[in-house]
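Single-structure report; data block below.
The values are calculated or read from the model by the stated rules, or taken from the named source; none is laboratory data. All figures in this text were calculated on a predicted structure; none of them were measured in a lab. A quick note on method: Cβ atoms are made from the backbone with ideal geometry, for glycine too, and the neighbour counts reach across all protein chains shown.
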Amino acid sequence: MKVSYNELQSLSRKAFLGIGFSEAQADDAADMVCWMESHELNGLVELNEALQRILADDNHTKMPELLYQDADLAIIDGHDMSVLQCSHLALELAFAKARARGLGILKIRHCRQRQLIMGYLARLAHRGMNITALWRHAQTPLTEQVVGFRANSTVPSIRIYTLEEVPDENKLNTGITVIMANHVDLLPTMRSDYQYDLLARHEESELLAIEVRRRASGDGFDVPSQLWEQLKALAQRTFVESFDGSQLGAGPLG
Amino acid sequence: MLDMATLNTLGIRPPNVVMDLERLGTLSASRLSFTRCLLRQMARQRWQITTQRFDLDREGYGSAIYRLQTPNGRYHIVIFSQELTEEKRSDRVIADAWDLTFGVVEGDVEDALMESLAENLPLQEAGRQHPQLLVISRANKSKRNFEHFVEQLASGEQPNPQDLKTAGYLYRTTAVYGNGKFGIKDYFRLRDNLDFRQPFAAQMIALYVLRQFSIDQLEHIAENRAPDTAIKLNSDIQRFIGIGNSTGLGMAPFLINHPLLINHWIHCREQALAIAKVSTVDEAMQNRFVSLCVRALGYYMESDIEDHDQAERNRIVISELETVVSWLQQVPCEDTLWYQLTDWAEAALSLETQELLNSLLIELCPEAVEQLEDDQLVEESMELIPDMPLIQLKQIIETQFDWALSQDLDEPDERYWFWYRSIEKEEPRLGVRGVDQGVEKELSLAIGPRVQEVYKLVSEYLEDNATAVTIEFLMGQPRIVDAVRRIQSMSNTAYGEIRGNLWHRNMKPMHLLRTKLAFLGASRFDPLGDRWVRVTFFQGAPSIAELNAEPLDLVEFDDWSFVNAPNIQERCP
């Protein structure tokens with residue numbers, strides 16, 4: 001079904017609150033999903049995956065864990081949570097380090113639906129930070145994705161490629177590495193001694209064009225009915241069932 | 001906007017005065033209200049509104065389409081009128097059928113779109129609405145006025161304008177939805193739309209055109225009922241008809257959830273007031289102000305308000321305004337006249353009179369105020385400042401949120417209410433803490449208690465981490481990130497936070513509703529208890545015929561605040 005941006009943002013937010021996200025987590029997660037979908041980067045597919053994973057996990061009290069930090073580097077264990085749950089504060093931490101030191105590095109280990117992190121990176125870039133993020137999609141063939149935001153830009157450059165030569169150390173890697181720099185462009189440029197195949201390449205201009213086209217067209221999002229119903233059901237957890245007293249706020253009886 | 005130094009020189013009022021919830025609850029519409037801004041824009045840009053379809057049966061049921069042509073685009077206001085039984089007629093937000101349903105369409109209305117609108121608009125929240133719609137709404141007839149007016153016109157008599165004193169309208173809307181609700185167009189997509197980029201402009205045009213439909217339908221039914229005797233409604237009475245609106249708690253969260261926008265609106269109003277107070281005072285200006293006061297006096301004297309408390313407040317305004325008029329007619333015309341007036345009002349007059357006088361003062365400097373009109377837009381975006389020293393966050397709370405820290409939340413009365421969202425149409429409601437169910441699902445609308453929580457945790461953390469920055473603290477406190485983000489974002493603003501405890505037993509939601517309604521441009525506030533209010537929009541505003549005539553005198557066209565009932569000497573035209 002077709003829904004507006006505001007509907008998707010608002011219902012996702014309520015659904016995340018219904019799951020048990022904090023207010024800020026729910027706000028940010030909803031924004032990340034909407035940003036991705038607005039740029040035709042499969043936000044809803046990632047959302048659907050995230051929901052199934054979150055709902056299948058019995059432990060709703062898990063929190064990301066700060067494993068190590070110094071002035072320049074932070075390492076977080078995401079405990080296999082979605083980036084919707086475990087990334088926003090970690091990214092703010094890296095942002096603060098980059099502001100203080102010129103360069104900040106963040107590694108989040110064990111996290112899911114990593115594509116969605118672009119939604120929050122866009123906000124940080126908009127606040128004047130140059131950012132590059134890198135993660136691996138698969139080990140065989142080894143597939144990597146690099147995303148680069150220019151400071152103050154709302155859209156990234158994206159490269160996804162496979163490497164034919166697999167390094168000796170090739171364990172399952174569900175982590176993500178983020179580099180932020182105050183003053184230096186970190187846009188991805190493919191330069192490698194290894195043989196690689198470029199699978200996908202999105203330029204800033206392309207994504208900007210999508211942003212402009214979607215805004216002008218006024219078209220909403222096509223959301224699968226099943227996903228929409230699931231979001232509604234989760235959102236309902238935040239509502240209070242009707243009782244005699246609750247009718248008092250519904251308007252004058254006369 | 002003016003910079004702070006200029007504002008301080010102008011003597012702009014401080015937030016501890018302006019943002020007091022009770023004071024905000026006495027605001028009146030002003031020249032900066034959105035209805036006024038919209039009509040000025042329409043006249044300036046020569047907008048034209050014409051009837052494209054008026055397909056009603058003898059009883060007034062059917063559909064109508066009005067075309068709106070602006071220099072930048074074309075829109076249509078589509079209205080469906082249906083028969084409604086008395087049992088179904090309700091202003092409650094949980095109603096599911098109405099006399100009228102209507103919407104504003106961007107662009108043309110092709111047959112397929114009309115079909116989709118006919119299918120979905122009457123369902124309102126229960127339908128899937130078309131993305132070409134900017135606004136959807138619904139309205140019910142004013143029982144006391146509509147049938148009486150039809151009878152009068154059918155019998156060849158003009159209705160008595162005094163009948164509009166209690167309810168100044170033929171139809172009353174209940175909810176006016178914009179911004180992507182139920183599938184309609186998102187507000188952010190209107191940012192580049194020169195016609196409707198201002199806040200609530202699309203909602204206001206819907207009400208303005210509905211007002212015309214209410215008159216057209218009235219005349220149509222009277223004509224069909226008695227073709228030989230029916231007459232048209234007198235044009236002065238037409239002007240005196242507005243559109244009603246019935247509003248409840250649903251409006252309250254908007255003010256809390258859009259602090260940057262509220263800051264902007266109030267800042268504009270305060271700038272306008274400050275500019276007016278330093279404006280040159282001459283005899284003409286003094287006389288103009290007296291005439292505005294006299295007209296407002298007439299408006300208050302004519303208002304027939306059912307609510308006892310509001311009626312009493314109106315009586316006080318009348319008494320005080322009479323004194324003010326008498327004073328103004330006797331004091332010399334001095335440069336400090338407006339300061340003398342506002343100082344006196346602050347010291348001795350009721351809040352309602354003070355804010356009424358402020359609204360009237362803003363009328364005195366139209367050119368300066370118009371420069372502020374475009375300033376009422378702002379993007380509601382809050383970002384964390386993760387590297388802010390934590391001690392600075394504490395200092396900001398102590399400096400700018402002292403009002404929040406002063407709330408004694410150990411007192412049972414201070415934590416009496418809680419806000420929640422009901423499953424019924426997902427509307428916000430108030431529950432009594434410890435009595436009503438749902439407290440575990442409380443909405444975090446009360447900012448004061450959240451600030452206190454942040455302050456306590458920050459203070460504790462600083463004891464062992466004196467040089468920490470905000471993000472270091474928040475890594476261990478993820479549940480308060482939203483509150484910290486808000487405190488930081490609001491630190492550069494003066495007027496975003498409403499200074500009241502929304503949990504307090506004596507808190508009146510009505511004050512929140514009136515604040516927003518005044519900015520929209522509502523008049524004749526008639527509360528029904530503390531959680532519900534009926535108001536009127538566009539009463540006294542120029543008609544569509546006057547707009548289409550392309551008025552030359554735009555100052556006169558804009559001069560319709562606090563309208564008095566027309567004096568109809570000849571009851572027959």
- Query: Taking segment B:195-204 only, how many residues are on the phi < 0 side of the Ramachandran plot and away from chain A (no Cβ under 14 Å)?
  - Reply: 6
- Query: For segment B:418-448, which residues satisfy the criterion of being surrounded by 18 or more Cβ atoms within 10 Å (Cβ to Cβ) and more than 12 Å from every other protein chain (Cβ to nearest Cβ)?
  - Reply: B:Ala446, B:Ile447, B:Gly448
- How many residues does segment B:63-96 hold that are surrounded by 17 or more Cβ atoms within 10 Å (Cβ to Cβ) and either within 16 Å of B:Arg138 (Cβ to Cβ) or within 14 Å of another protein chain (Cβ to nearest Cβ) (or both)? 14
- Task: Taking A:Ser22 as the residue in question, decide whether it is among the small types (Gly, Ala, Ser) and either more than 19 Å from B:Ile423 (Cβ to Cβ) or surrounded by fewer than 22 Cβ atoms within 10 Å (Cβ to Cβ) (or both).
- Result: yes
- Item | When residues of segment B:143-162 are limited to those that are out of contact with any Lys or Arg (no Cβ under 6 Å at 6 or more places or on another chain) and surrounded by 17 or more Cβ atoms within 10 Å (Cβ to Cβ), the one farthest from the other protein chains (Cβ to nearest Cβ) | B:Leu153
- Taking B:Leu384, is it within 14 Å of another protein chain (Cβ to nearest Cβ), of a type in the set (A, V, I, L, M, F, W, C) and part of a loop (DSSP other than H, G, I, E, B)? yes
- Message: Whether any residue in segment B:480-487 is in a loop (DSSP other than H, G, I, E, B), under 30 Å from B:His264 (Cβ atoms) and at pLDDT 95 or above is what I want to check.
- Response: no
- Hey, any hits in segment A:38-56 for a residue that's within 13 Å of chain B (Cβ to nearest Cβ), in contact (Cβ under 8 Å) with a residue 12 or more places away in the chain, in a helix (DSSP H, G or I) and under 30 Å from B:Glu125 (Cβ atoms)? yes
- Kindly check whether there is at least one residue in segment B:400-411 that is within 14 Å of another protein chain (Cβ to nearest Cβ) and exposed (fewer than 14 other Cβ atoms within 10 Å of the Cβ). no
- Among the residues of segment A:71-104, the number that are over 20 Å from A:Glu49 (Cβ atoms) and either part of a strand (DSSP E or B) or of a type in the set (Val, Ile, Thr) (or both) is 7
- Message: So in segment B:182-196, with the set limited to residues that are part of a loop (DSSP other than H, G, I, E, B) and in contact with a strand residue (DSSP E or B) (Cβ under 9 Å, 6 or more places away or on another chain), which one is farthest from A:Asp222 (Cα to Cα)?
- Response: B:Asp195
- The number of residues in segment A:196-230 that are in a helix (DSSP H, G or I), modelled with pLDDT of 85 or more and within 13 Å of chain B (Cβ to nearest Cβ) is 2
- Residues satisfying the stated conditions in segment B:212-271, i.e. polar (S, T, N, Q), surrounded by 21 or more Cβ atoms within 10 Å (Cβ to Cβ) and out of contact with any Ser or Thr (no Cβ under 6 Å at 6 or more places or on another chain): B:Gln212, B:Ser214, B:Gln217, B:Thr247, B:Gln271
